[in-house]
Amino acid sequence: MKNKAQTAMEYLMTYGWAILIIIVVVAALYSLGVFSVKTTVACSPCFGYFAYRDFDSATGDVYIRNGARTIASGSLVITGGSVSLTSPNDCALTTCAPGVDITITLTTNTGDQILTIQYDDADSTVTHSDTATIHTGN
């Protein structure tokens, strides 16, 4: 009778620890947001050179970050979707350093907005162009 009790206890302990480890892993994944469904705006595809950061549906602001290149003074032009450009140092008027946040305000905040960003690299004066579709969810 002792062997059966000991076997049953070992069985319960082994599977109990395994279940506990699974629960801890699932809780860790949940806390990292793996299972959260994002209902906010997304870009598809995202800009190739600029990092898409966020979209504020209340104001129509699209937040992007400049990549590793320095954008030449006055060369940043954004077209499509009825936009206006604002940023901390207004990259449309001055040289835009790497890592600078840029705010694009959509004056029409409904439906999908296709934005094209054209700019000149300050080091090579080569003109570049990035296009992305912003899904506003409206």
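Data for the structure
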| item | result |
| --- | --- |
| Positions within the range 77-112 being within 20 Å of the chain's Cα centre (by Cα), outside any loop (DSSP other than H, G, I, E, B) and modelled with pLDDT under 60, in sequence order | L85, T86 |
| Residue list for the range 53-72, restricted to those being among the charged types (D, E, K, R) and under 18 Å from the mean Cα position of the chain (by Cα) | R53, D54, D56, D61, R65 |
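The values are calculated or read from the model by the stated rules, or taken from the named source; none is laboratory data. As the structure is a prediction and not an experimental result, all values here were calculated from the model.
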